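The values are calculated or read from the model by the stated rules, or taken from the named source; none is laboratory data. The model shown is predicted, which means the values in this text are computed figures rather than measured ones. Glycine gets a Cβ as well: all are built from the backbone with ideal geometry, and neighbour counts include every protein chain shown. These accessible areas exclude ligands, DNA and RNA; they are computed on the full protein's heavy atoms, side chains included. Shrake-Rupley method; radii C 1.70, N 1.55, O 1.52, S 1.80 Å.
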Amino acid sequence: PPSPLQPPGLPLAPCRSFSNNKIQVELDESSGVAMMKFKSPPVNSLSLEFLTEFSISLEKLENDRACRGVIITSAVPKIFSSGLDITEMCGKSMEHYTEFWRAVQEMWLRLYGSSMVTVAAVNGSSPAGGCLVALSCDYRIMAENPKFSIGLNEAQLGIVAPFWFKDTFVNVVGHRIAERSLQLGSLHPAPEAHKLGLVDELVPEEKLMEKAAAVMAQWLALPDHARQLTKTMMRKAVLDRLVAHREEDIKNFITFVSKESIQKSLRMYMEMLKKRK
Amino acid sequence: PPSPLQPPGLPLAPCRSFSNNKIQVELDESSGVAMMKFKSPPVNSLSLEFLTEFSISLEKLENDRACRGVIITSAVPKIFSSGLDITEMCGKSMEHYTEFWRAVQEMWLRLYGSSMVTVAAVNGSSPAGGCLVALSCDYRIMAENPKFSIGLNEAQLGIVAPFWFKDTFVNVVGHRIAERSLQLGSLHPAPEAHKLGLVDELVPEEKLMEKAAAVMAQWLALPDHARQLTKTMMRKAVLDRLVAHREEDIKNFITFVSKESIQKSLRMYMEMLKKRK
Amino acid sequence: PPSPLQPPGLPLAPCRSFSNNKIQVELDESSGVAMMKFKSPPVNSLSLEFLTEFSISLEKLENDRACRGVIITSAVPKIFSSGLDITEMCGKSMEHYTEFWRAVQEMWLRLYGSSMVTVAAVNGSSPAGGCLVALSCDYRIMAENPKFSIGLNEAQLGIVAPFWFKDTFVNVVGHRIAERSLQLGSLHPAPEAHKLGLVDELVPEEKLMEKAAAVMAQWLALPDHARQLTKTMMRKAVLDRLVAHREEDIKNFITFVSKESIQKSLRMYMEMLKKRK
């Protein structure tokens, strides 16, 4: 809504912001655009805490009549988000796994189903869950640095991407590319990601935010209501599929993550990451 | 069928034509190809009368054993068709809205489900319903004039394209491009439309009809029966979806178009169009 | 599995091979890669005998823990496979048609649903059923010879490709390209096939096997289990559709092939092929 209700006589606050531990949000009320910055070093991994904060931030913006669009980017150099936090899947209780997976689902349902315009300004690498965040936006702009890569690389870790990661991916790049990329667990360097349609546009890193703002302005030039209904029409089938199979999907995750072989390979992977630092 | 039944002794009419108010049809019996020209100035808008004539013309050709393919083009300069006639949606009765929407559905069911080869020779701009007509053909050739644009731009008017417009669009350009284009209500200039796959081919305007005839000849070189069954196999799911939800779709249209906010914005749009003249 | 069970003391056989009449298979146990060569001159047509041998070979490899991937190619110059053997569809009994069609289905179910990595090294033309074999693999590399063509050209013969041919095709090239190509019964020369996405890569003919081996090594670098589950997730819907309609699909084939008009056109086609020799 272009003109939010204001008590008479009070000046319009030019900017509202809130920030918790992991994500910083600034809403520019004049444009109706919120800037959401992931600031959870070293790699913006999607921990339970991060996901909860992410969902709450999205919900707040969704319910804020002054907000019409959100640009999602990272405050951490070189990384957009490294994806799901593996420590949440390692040596924890069934209850924890359940809570964690529900939080992953919740984040995606809110983001993919958001009625706001969502633009991902991918200013660093974005594997696995990080890629899902970008795929769930309406538009993806990526810094044209070939050192930055993006993809659903779960298969590389011996993990299978959930069906709704796959559905989201297929909606963006089509069946053939999704099939190959998912089976190979490919991480596509920015230029390749652009060629495949995984990101919509590449720009020099220093122009990324400027471009994201321009794209957002283009999308906000449309009346909200028709755009929102159109978005729902396009995404409903895939959203409904998770809603219909949510508990089953949680059970699958728990069964999978509880396997000793998976626990072992996740532990090995974490050891490797620690040594790398 | 190459040799239609003829009373013995009568010479074979080389050409049959019929024309009502809005559409001119000429069938060349030697080739089996009908030329269908929209001639409803100023912009070939899809009024109830136009749609009715369009459906009847398609039905006639469909039932004419001498006809195997139809080329659809415009006799009005610079415009293929401007889409649904807004005056049919403004200040009319429920009965009228019902009749009008049923006519829109009927046209699409006949055209998208036609057993004839259908080639769109898009010789001008083709927004909204005009784009749907082109999308529903088997092949789209467009004049390579960048001033001509095509797209489902309903969102620009605060309107949501019906699900079967969307289904037809997705079948042509895929999910990602359809999602973005529909949300933005984009009108793509001919070169961009070609790049997106929205039209299959661009040719200089003066070569358009020649090219359309050549493409038609290529398609008619195939035996009809197998081609028709193949077409049905490809399009049946999307056709069946409207058939199954036809009354519901009419109700949705009426509910939508009866809203005061929509009536208001349609009236404003018509005023703007009038002033432009 | 990298280390197959071996009786202690016995040396590991470096290579296992088996060959029947139509197909030669060599399994390199060190790499886990089987080379499957069609050797049924003149054109590797998919006869009942060929299909049976094909399915049995796939089953053997599938059950061999030493085998993780298979490269499919032709030992016959200039032709990968000419597709279904028309003599199997001409002047035979209902029982024969049933047996034949079940064998076609069986081959596809095994190949499209294979848990192995499947790479098609398309070293010659590949119409109709030959194209289906290539489409059913995980990756398609084609010799970049423009004289070699590939496509589902059934419509050219007055035949309709079965729905599961179509589903496989749509999964590879998308709806628009599939619709046009199937209706026209197009045979795409290698460069065009590559442009359409029908094959993933073109290489000079003399580099084809080297490239296929390199691609296979890339796919085998991934852990099998996650890759297999991912593949199943991508292909299950289309596989299940045939499984659910298998008997109906056989009936359709019999009804179709038993028509006198079809028998006549198949006989004419066979005569033409004989004269060509």
Go through (1) exposed (fewer than 15 other Cβ atoms within 10 Å of the Cβ); (2) out of contact with any helix residue (DSSP H, G or I) (no Cβ under 9 Å at 6 or more places or on another chain) and name the single condition A:Asp224 misses.
-> (1)
Residues being farther than 19 Å from C:Ile141 by Cβ, of a type outside the set (Ser, Thr, Tyr) and either surrounded by 15 or more Cβ atoms within 10 Å (Cβ to Cβ) or within 8 Å of chain A (Cβ to nearest Cβ) (or both) - total across the stretch C:228-248 = 10
Taking the stretch B:78-99 as the region of interest, how many residues are within 18 Å of the chain's Cα centre (by Cα) and of a type in the set (Lys, Arg)?
-> 1
Residues in the stretch B:151-162: is at least one charged (D, E, K, R), out of contact with any Gly (no Cβ under 7 Å at 6 or more places or on another chain) and open to solvent by 10 Å² or more (accessible area, probe 1.4 Å)?
-> no
Taking the options A:Ala103, A:Ala128, name whichever one is among the small types (Gly, Ala, Ser) and within 24 Å of A:Pro191 (Cα to Cα).
-> A:Ala128
Among the residues of the stretch C:163-186, how many are touching a residue at least 12 places away in the same chain (Cβ under 8 Å), open to solvent by 20 Å² or more (accessible area, probe 1.4 Å) and not β-branched (Val, Ile, Thr)?
-> 5
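Keeping to the stretch C:148-161, report how many residues are within 9 Å of chain B (Cβ to nearest Cβ) and in contact (Cβ under 8 Å) with a residue 40 or more places away in the chain. Break it down stepwise before answering.
Initial filter on the stretch C:148-161 (within 9 Å of chain B (Cβ to nearest Cβ)): C:154-161.
Now drop any that are not in contact (Cβ under 8 Å) with a residue 40 or more places away in the chain, which leaves C:157-160.
Of the residues in the stretch C:148-161, 4 are within 9 Å of chain B (Cβ to nearest Cβ) and in contact (Cβ under 8 Å) with a residue 40 or more places away in the chain.
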From the option list A:Lys78, A:Lys92, A:Lys60, A:Lys147, single residue qualifying as of a type in the set (D, E, K, R) and in contact with a strand residue (DSSP E or B) (Cβ under 6 Å, 6 or more places away or on another chain) is A:Lys78
Filtered residues of the stretch B:15-54 (kept if hydroxyl-bearing (Ser, Thr, Tyr), surrounded by 18 or more Cβ atoms within 10 Å (Cβ to Cβ) and part of a loop (DSSP other than H, G, I, E, B)) | B:Ser40, B:Ser47
Does any residue of the stretch A:231-249 turn out to be polar (S, T, N, Q) and in a loop (DSSP other than H, G, I, E, B)?
-> no
Reported set for the stretch C:70-89 where residues are open to solvent by less than 20 Å² (accessible area, probe 1.4 Å), under 25 Å from C:Phe253 (Cα atoms) and in a loop (DSSP other than H, G, I, E, B) is C:Phe80, C:Ser81
From the list B:Ser186, B:Ser181, which residue is away from chain C (no Cβ under 11 Å), outside any helix (DSSP H, G or I) and either over 22 Å from B:Ile71 (Cα atoms) or modelled with pLDDT under 95 (or both)?
-> B:Ser186
Has the stretch C:119-130 got at least one residue that is among the β-branched types (Val, Ile, Thr) and within 13 Å of chain B (Cβ to nearest Cβ)?
-> no
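Working only within the stretch C:155-176, note down all residues that are part of a helix (DSSP H, G or I) and modelled with pLDDT under 95. Working first, answer last.
Within the stretch C:155-176, the subset part of a helix (DSSP H, G or I) is C:155-157, C:163-173, C:175-176.
C:Ala155, C:Gln156, C:Leu157 - these are the residues of the stretch C:155-176 that are part of a helix (DSSP H, G or I) and modelled with pLDDT under 95.
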Within the stretch A:221-277, the residues that are touching a Ser or Thr at 6+ places or on another chain (Cβ under 9 Å) and among the β-branched types (Val, Ile, Thr) are A:Thr232, A:Val238, A:Ile250, A:Ile254
Quick count over the stretch A:82-119, residues being touching a residue at least 60 places away in the same chain (Cβ under 8 Å), of a type in the set (Gly, Ala, Ser) and over 17 Å from A:Asp167 (Cβ atoms), is 2
For the stretch B:219-227, state whether one or more residues are closer than 14 Å to B:Arg140 by Cα, of a type in the set (A, V, I, L, M, F, W, C) and in contact (Cβ under 8 Å) with a residue 24 or more places away in the chain.
-> yes
Checking C:Met268 against (1) more than 10 Å from every other protein chain (Cβ to nearest Cβ); (2) in contact (Cβ under 8 Å) with a residue 12 or more places away in the chain; (3) surrounded by fewer than 18 Cβ atoms within 10 Å (Cβ to Cβ), which test does it fail?
-> (2)
Out of B:Lys211, B:Lys207, B:Lys195, which single residue is more than 11 Å from chain C (Cβ to nearest Cβ) and closer than 29 Å to A:Asp138 by Cα?
-> B:Lys195
Tell me which of these B:Ser57 doesn't satisfy, since it passes every other one: (1) open to solvent by 10 Å² or more (accessible area, probe 1.4 Å); (2) part of a helix (DSSP H, G or I).
-> (1)
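Does B:Ser115 meet the test of being in a strand (DSSP E or B), modelled with pLDDT of 95 or more and open to solvent by 10 Å² or more (accessible area, probe 1.4 Å)?
no
On the given criteria, is A:Ala237 touching a helix residue (DSSP H, G or I) at 6+ places or on another chain (Cβ under 6 Å) and small (Gly, Ala, Ser)?
Working: touching a helix residue (DSSP H, G or I) at 6+ places or on another chain (Cβ under 6 Å): no; small (Gly, Ala, Ser): yes.
Taking the combined requirement at face value, the residue does not satisfy it.
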Being crowded, with 18+ Cβ neighbours inside 10 Å, under 20 Å from the mean Cα position of the chain (by Cα) and at pLDDT 95 or above narrows it down to one of B:Met216, B:Met209, so name that one.
-> B:Met216
Kindly check whether there is at least one residue in the stretch A:197-206 that is touching a residue at least 12 places away in the same chain (Cβ under 8 Å), open to solvent by less than 20 Å² (accessible area, probe 1.4 Å), within 18 Å of A:Ala128 (Cα to Cα) and assigned to a helix (DSSP H, G or I).
-> no
Does B:Ala134 satisfy the criteria of being within 14 Å of chain C (Cβ to nearest Cβ) and at pLDDT below 95?
-> no
C:Ser261 passes all but one of the listed conditions (1) away from chain A (no Cβ under 14 Å); (2) buried (at least 19 other Cβ atoms within 10 Å of the Cβ); (3) polar (S, T, N, Q); the exception is number (2)
